[in-house]
Structures are given as C-alpha cells and as structure tokens.
Amino acid sequence: MAYKRNIDRLPIIPADAKVQNVTCHYCIVGCGYKAYTWPLKKQGTTDSNWAGTDLSQQQGAETDAWYAPSMYNVVKQNGADVHLVIKPDVDCAVNGGLGSIRGARMAENRRSDVNGTQQQRLTEPMVWRYGTWQPTSWDDALDLVARVTARVIDKDKEDDLFVSMFDHGGSAGGYENTWGTGKLYFESMKVKHCRIHNRPAYNSEVHSTRDMGVDELNYAYEDYQLTDTIFLIGANPIETQTNLFLNHMVKGMQNGARVVVVDPRRTVSVDACEQVAGADNVLHLQINSGTDLSLFNALFTEIVAKGWIDADFIRGSTIDGDVAVAEDGAHPSALGSFEAAKAACHLSLDEAAEICGVAAADIAKAAAWIAEPKDGARRKCVTAYEKGIIWGNDNYRTIGALVNIALATGNIGREGGGVCRLGGHQEGYYRPSDAHVGRPAPYIDQLIIAGQGKVHHIWANDHYKTTLNAAEFKRVYNRRSNMVKEAMDARAGATREELIDAIVGAINAGGLFVVDVDIIHSQIGQAAHVILPAVESGEMNLTSMNGERRLRLVEKYMDGPGDSKPDCLIAAGIAQHLERVLREEGRTEYADQFKGYDWANEEDAFMDGYNKGNPEVTYDRLRAMGNNGVQEPVTGFADGKLVGTKRLYTDGRFTRHGREDGKALFCLGGWRGLQAPGKAQQKANHRFLINNGRANMNWQNWFLDQKNEFVMDRFPVPFIQINPEDMAELGLKPGDMVEVFNDVGATQALVYPERTARRNETFMIFGAPAGTQGNVVNAGTNELILPNYKQTWGNIRKISDAIPAAARVSYKSWEVEL
Amino acid sequence: MKCNRLVDSGRRQFLRGGILGVAGAAAAVALPAGQAQAQVQARAMVDYPSSKLANLADLVVDVPMDIGYPDADSPGILLKLGTRVEGGAGPDGDVVAYSVLCPHKGFYMSYHAPDKTLNCPGHFSRFDCEKGGQQVWGHATQNLPQFALRVDDKDDIYAEGADELIYGRLSNVLQG
C-alpha cells in the first residue's frame, strides 16, 4: 500500500497569524510562498480564520483556502514551539499560487522536535574523538579547524588548503553566505584549489555565452507567454522548473506558441507540451546523445541560407571583421564575427542528420519554427537550455552554437526572446574576484586523487554523490581521511598541541584533514574530522535571485536546529579563530588579513558584501517588495520601491564579456565528435547509454527527502528506466535490482520499465544518496574542466530480485492519459 | 490547455454541491448518515460516517461509479479492478474507492481503464488505483485519499474512512 499520512484534519490558521515572505529555496524558479506561524495553543475556526472564508464548506479547485498536510509542521520560533504553514502565494508573479511537489513540502521537511521530522539535521559542532564524532562547542571545534589549517597555509602559500564551496542562491546559499565564504577564501586568502558543489572545479558552467557578451539569464519569465516559439534544449522544465512551465510556458502555448524540444529522451515535458499545444505544434528532435552541436550548426546554416536573419541587429550589436578571440587553452573555440561564424560553423542538413540521427526535413522544420519571419516581422523565439548541454559533450562550443542562433535572429533583449539557461538552484553569488583561480581552473577532484591537498574545507558539497569518476574518488578520499582519523585515535587523551602534531604528521604522510560544513551528516561528511552545523533558508534571512533575476528576501520564520548557524557566520568564525591563532603564533601580518568579520547576524554580512556593490538594496526595502521582489540589476529606488530591470540588453549592447564596444561575438566552433577523453571508446565498448538527470519529486531536495516517507515510498532506491524489450533480453522484471558497470566503476539501480525509452538508451537519477551514477562517469571533461556526466555508456546485469520496498512501487508510465 | 481536457462546467458545479444534477445515471450517491453526529462532538479523531455506496452486484469491472464521501460535496469513485490488490475489499479483494479531486489543485480527475490510473487534466498528475492511489507522477504532495471499505453479508459496500486529507477541506468530515 502506498504511504499515507492518515491526517484527517489540520489546525486552522487564525486571522492574526504572523505572515512571512518565503521564496522556495529548492529550484531556480523561486516560487513565492507565505509562511504563517502562530502560538501552539491557538487556532482559527471555520468561520474566523486567515482566509476570511467559511471553511465548513468544501472549497473549489485552485482555492487559496486549503493547505495539504505537507505544508504544515510544528517548529521552534524564538525558542517556542509554534504552528507553521507554508503555502503558495497566489499573488506571486512567478507561480501564481501553484506549488510544486518539492516546494509544497517545505514545511514538512523542516526539523520538528514535536513531529519528529528531519531529525537528521545537525544540531551542534562535532569533532572526531575516541573513534567517532563527539559533540562540542563552536569555540572548541573552530579552534581545532584554525590550528590545523594554520599549519598548512601561510601568506601567499595557500595551495595546500582545498575548498569545496557552493556558489548558488536558495537552499543554504544566497548573497549572505557566498559573501561570507568568498570573503574568507578569496579576500583574506587567495585560495586557488577550490570547486563548486556539483562539479570538480571552480568555473562557470556557461563560459562561452559570457565570452560572447551574453549573460545566461537575460529574459523575463513572461517572455514565454509573449513568444511564437519555445525552443528547449537538454531541459525538462515540467520536472525541474515546474511552475515556470505550468505558469508561463503553458500560457505561451495556450497563446499559440509552438515548441521545439531537443533531447535524446522523450521526457514528460515533451508529453505535457503535446497535451497543451497539440502534437502538431510540438517538434521533438530526438537526437543521438551528445550531438547537439552539429544540430545547432546545421540550424544556423539553414537559417542563414534562408535569409531568416536580423541583419540590422547583426550590424548594430555584433562585431565586424573576422576572429576576435583566438582559440587557446582558455577558449575551446575562437570567437568572432557573423561572417566568420558562417564559415566556421557551416554544416548541411544532411551532414547533421547523419550525425544527429534525426531527419534533415525535421531540422529544416525546426529552423523554420525558430526563425522564419512571421507576418513579415521577426519570429519571436525564446531559447532555454540546461544540463543536457551544460553537462554534455563539448560544452563551450555547444552553448556557443546555440547563442549564435539567437544572435543571428535578433532574439535577445526583446519581448518574447532571450537565450537563457533554465538553471538549477537560484543564484546568489557575491564574492571578491576569483581571477587568481585561473582558467582552466584546477581539476580539484583529480588533484585530491593524485595526493594533493592537506586540509579540505567543505561547504555543503557532497563529492561522493555529485562528482565524476566517483568510485575512485571515494576510494582515495576514504584512505586519506582515515589516515588522519587513525592518527587522532592513536593520540586519544593527548593535549591539543600533541593532537595537532599528530594530525599534521598524518597529513604530511599523505593524509587529508576534513572540515565539513553542512545541514546534515552527508556522505562525504563520513570522512570528516570536524563537522559544523549550518542553517538554511527560512532558518535565517536570505537573499537570492531566480532565473529571471528576481531578487527576494526570505524572512526568517523559524529557529535553526540546535546550535546551527548561517554559513556566513561560520565563515566569520573560522576567520576570527584563524586571526587569533596566527597572532598567537606571531604571524601578525598574515593575521591582519583575517580582520573584518565582526558580523552579529546575516544582515551584517549582506551589508558588508552585496550592499556595498548595490547600495540601493537593503533588507527593509526588499521586505517591502515582498514575494515579487525586484529584477536585477537594481537601478534605483523611487516612490518607495526598488527599480529593477525586466530584461537585459534591450539597448542592443552586450557587456558580459567586458568589451567596451558593447558588441556580441559569435562562436566559431565546428563539430568535433565526442570531445572529452575516453567517451568515444566507452561508447564503442558498452551497450547502453546511461543517460542521467533529475526527477520531479526529489530533485534539489533529495538530501532532505532521504528522510521523507512520502518520497522514499515512491522511490526507495534510485531507478533506471529501461525499454521493456531490453528488459526482456536481460531477463529483468520491474523492481529488480541491477548493477550498471563499465570501465571506471559500478553502481546499482531499480529497474523501471519505460516504453518510450529507445532501445539501448537508459536513464538514471543523478545525485542519488544510494546508487551513485557518478561511479560510472569517467574522468573526462572539456578543456575548461566542465564535467561530461551525460555521455556515459555501460553494461547492465541483474544482481537481485526486487527488495520488499520495491514491491510497493507503481511501475506505470509517467505520461498522463486524458 | 485544450478545453476538452479541462474540468467541464458540470463537474465544476459538482464541487459547489450540485451533485444531483451531474452524477451519471449509474451513480449511487451515498448520503452521509453519520455526519450530524460528528458535528456535535469534538473528539481527538474525526468521526467518519458509515455510508452505503452500492452493492457488489452494481459494479462492473473497470467502470468506475461516481460516489460522494464522506458527504455529497466530496466526489469520488467506487471501482472494481478485476484483480486482487492490497487493500482491496470484497470477496475478490479488488474493490477500491478514491477521492477524485487531485490533491495538487483540486481538479476533477478521470479514470483511464487500460492502465487503471486516475489522471488530472489540470497539471497532468496521475495516480495508480492498483497501488493504493500512489502518485505515479505529478505535483501533489500526497498520495490519493483512499476510502476504507466494508462489505456486509448482503454484499452492500460501505465507506467508513479516508487515509489522507481530501482536497479543499481542512477536516475530512466538514465541521463548524
């Protein structure tokens, strides 16, 4: 039987409940919610309540006067237990009252000592002592961190400190926290060996579009409602940007927009588009995995040949001449003029059809849908891409080729246009320059495998789940961190000085000292020697911007678990302890670099960072802007409101590359096959494509959902979708456990039959707590160390019949039947 | 969305209490015999009415019967699946009943017999009638409310409870 909460009735929000602005912190869309809190021994009634509605009656569809059990919890607020309801905000322009399967469970996924939810949240610092983790005070834990760290760094010699730190908004990210960590590692120090939460280096995921002058978030969500064509590449928005799809893309289709989807997999987004727009208005180009670049170059060639270009735009907004930026180690393709791109990117429909595996006529049809003028005017086309190409073959050239199409057709900076990534987390990046990191950035995970690094500070990263070549990484990381654990165990009872000497001895013998800052005890956290508990959005005030650059303040509506703290204040604590230790050691000049962290709260960190660059923006002003916030960049403050920017580049000047002429560049990248090392060989030697991505239910919140019964009942272990005929050949039944293996590693998954999956093409869940897909992803990246998770091939064998939990699972198709 | 895939106006009316005008000819609408009692007592658990929905002889495999439970304003279906399922009632263990309001946004769902699912026209969620209403794919944050059934010695089928909160009401048995 399916999991049921057996909740027949919920407390009613009273009319005088406290109301707080909340932007959902899971995905980049950032839906608006309201958090209602009220004292435990009070309640509303059916005729006196927050909604002013007679709740003794059944409410109709889409009512604002209902909330699900998942939207309710009992949490601590200023030390007291209070009722909490977090429900979608009908007045938010982003989601219009819609809640996703993720965001509408925010309340349930809060730690509650009363209801027992999320007991996995960390509550106090812990250090490795006596063979396990022991709770301790912040001062004790930070002193240990500072003393060990101080032994491996010195002024201008900080390469032995490795740092993994999130750079995003939402979740536990946001401007406050990226500034806190950024100030510590990029201002007080110049740490070069660092990486971001989902990839093995500190780099942009979209270098080429920026180098071409085009910021990757340049439109407004309303452009989907104003456009003629929605062009989706390597994206699955009904699952991963749910309410952007339902509240904006659907309306666009209802307004007559057609849809072109590029994806080797038939996603539920394709099905949903067909449901809304009709199959005749949806063109799914089901290409061979990793061949996007050839498709885009053929589309560009066809559009140019047909003359469906915006010559005035090209003349006014893009450079003349030939090559402006040469191909080199930092640029996997040359960049230059439209004319140069015509030559460099030329690919015929037939050539592309041969590479992509889709019909030349369909490519021609897509070109017409994207660019053929409509009623004598520009055809409005909004282009959206995400991990399918970001984490796919030849990232730089592929994204560049896509932006070429938007530039050639003048579809940037105009209503119904834009060429944007859809995004994962919200954004919330405010840091000192990272120029010292270099480009290409160091490949951190491979350096760790090679024995480099002595101390590793980790901020809400879990390499064990989200890296490539994960099997080898884990083997090495466990060994190196265990060397330090063993050294600490051998010195149990020693003084602090003796303990530090023992740790440093183990480090110098090849060990790694690990400090893990997180909200839960993560998988990589199992290797840590110090664990520091952080809070996330709502447990602190936090600012972030969404995929249309909409900046909002989430108001703190509950206490963090136990003694946990905002990351910015943890970073400040590390800085302060480093300053103290360095001063004690007489390293005065270096110690002085760690001054300037006297922040009492997260607002102080915001004022020290983001506000200094954006002096109009304050907490009070953001609070007043509510869940609709303001779209960045903020240009002023007038009539009591922050003034923002609906879409970028409306003046036709492109600036992201820093060129003073404001001219965009085209990407001159031709097709060159599977670019990353080892991919072509792996494909040749294995039967199945192990495509991978996200699932609606738990993407962006699986770290919490691993302790959520509703989710774990549906997917007790991560699945692999396989064509039923392939299953029959392998002797597999639904729910069987299989091992996926190849030349670099192995992992496991539960078999889920999928009739729309092509033969020999499977789909796995990325980032699962169990069954790490990264185990079978090889170490190959592009020249700028962008991981190539998507192009992975392997073989499959059965290892077990269905486990009991798998018997509860429905194995029916995800496609709606109306 | 195409209009014919949205909730039709008659079914919308159902949500406002107009059940008598729209229930199909074959529908046996249960009246909430126990509701008055529930309204006057404040107890820790909701008191569900025991409502006669139909007789086993009225059911045809894969042809859902419209019902209202716990009261006429809460539409559901009574369904004979034809194969025994966990939680199924009756001698064949194959009779189930569910709310048909999608727990996401309350749209009225339709039954798809070939794979025995309930499907939402609003945002495309779908639920498995053979797996206790497990959401196969969708936006709801709970599985579908299933009604507990009892079959007496005359083959009369009674609904006697629900296992999730029904969309549009903060108490499964309306109160106040």
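At-a-glance table
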| quantity | calculated |
| --- | --- |
| Rounded percent of accessible protein surface that carbon and sulfur make up, segment A:390-491, 1.4 Å probe | 46 |
| Estimated FRET transfer efficiency when R0 is 35 angstrom, pair A:R623-A:M712 (beta carbons, to 0.05) | 0.45 |
| Counting DSSP beta bridges with both ends in the protein assembly as shown, the antiparallel % (nearest 5) | 70 |
| Residues losing 20 Å² or more accessible surface upon assembly, segment A:243-290, compared with the chain by itself, 1.4 Å | A:L246, A:Q254, A:Q275, A:V276 |
| Other protein chain Cβ atoms within 10 Å, averaged over every residue that makes up A:101-107 | 3 |
| Inter-chain Cβ neighbour average for residues B:152-164, partner chain, 10 Å | 2 |
| Carbon and sulfur %, accessible surface of segment B:60-111 computed with the full protein complex present, 1.4 Å | 53 |
| Label-point separation in nm, A:A802 to A:T635, each point 7 Å along Cα→Cβ | 5.9 |
| Sorted peptide list for A:490-499, A:327-336, criterion being average Cβ within 10 angstrom, highest first | A:327-336, A:490-499 |
| Backbone HN-Hα couplings from phi across segment A:496-508 [Karplus 6.51/-1.76/1.60, Hz, Gly and Pro as x] | 4, 5, 5, 5, 4, 4, 5, 5, 5, x, 5, 4, 5 |
| Relative contact order [Cα under 8 Å, 6+ residues apart], segment A:328-403, whole percent | 22 |
| Violating pairs (Cα-Cα greater than 31 angstrom) within the set A:K465/A:K641; A:K192/A:K565; A:K465/A:K556 | A:K465/A:K641 |
| Karplus (6.51, -1.76, 1.60) ³J(HN,Hα), θ = phi - 60°, over segment A:61-73, in Hz, Gly and Pro reported as x | 4, 6, 5, 8, 9, 8, 9, 8, x, 5, 8, 10, 6 |
| Helical contribution to [θ] at 222 nm, DSSP H n ≥ 4, -39,500 (n - 2.57), averaged over chain A, rounded to 500 | -7500 deg cm²/dmol |
| For chain A, accessible area per residue (1.4 Å probe, heavy atoms of protein chains only), Å² | 31 |
| Segment A:152-307: relative contact order as a whole-number percent, Cα under 8 Å and 6+ apart | 14 |
| Mean separation of Cα contacts under 8 Å, 6 or more apart, over the residue count of chain A: relative contact order % | 19 |
| Among B:99-112, A:350-363, the order from most to least packed when residues are scored by Cβ within 10 Å on average | B:99-112, A:350-363 |
| Heavy-atom accessible surface of segment A:682-799: percent carbon and sulfur, 1.4 Å | 49 |
| Protection proxy ranking, peptides A:752-760, A:366-374, A:380-388, average beta carbon neighbours within 10 Å, highest first | A:380-388, A:366-374, A:752-760 |
| Antiparallel %, DSSP beta bridges [both residues in segment A:509-645], to 5 | 65 |
| Buried solvent-accessible surface, both chains (A, B), 1.4 Å probe, Å² to nearest 100 | 5300 |
| Net charge of neighbours whose Cβ lies under 11 Å from the Cβ of A:T762, counting Lys and Arg as +1 and Asp and Glu as -1 | +1 |
| Too-long pairs where the Cα-Cα distance tops 22 Å, listed order kept, from A:K157/A:K595; A:K683/A:K733; A:K87/B:K116; A:K365/A:K812; A:K646/B:K105 | A:K683/A:K733; A:K87/B:K116; A:K365/A:K812; A:K646/B:K105 |
| Neighbourhood charge, 12 Å Cβ-Cβ cut-off, centred on A:P11 and excluding it, Lys, Arg +1 and Asp, Glu -1 | +3 |
| Inter-chain Cβ neighbour average for residues A:209-220, partner chain, 10 Å | 0 |
| Net +/- balance of residues flanking A:D350 in space, Cβ distance below 15 Å, scoring K and R +1, D and E -1 | -3 |
| Long-range amide H partners of A:R129 with built H, under 5 Å | A:Q134 |
| Stretch gain in nm, segment A:K41-A:N6, where the contour uses 0.36 nm per residue and the Cα spacing is subtracted | 10.4 nm |
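The values are calculated or read from the model by the stated rules, or taken from the named source; none is laboratory data. Owing to the predicted nature of the structure, the values given are computational and were not obtained by experimental measurement. Every residue, glycine as well, gets a Cβ built from its backbone with ideal geometry; the counts of neighbours run over all protein chains shown. Surface areas here come from the heavy atoms of the whole protein model, side chains and all, with no ligands, DNA or RNA. Shrake-Rupley method; radii C 1.70, N 1.55, O 1.52, S 1.80 Å.
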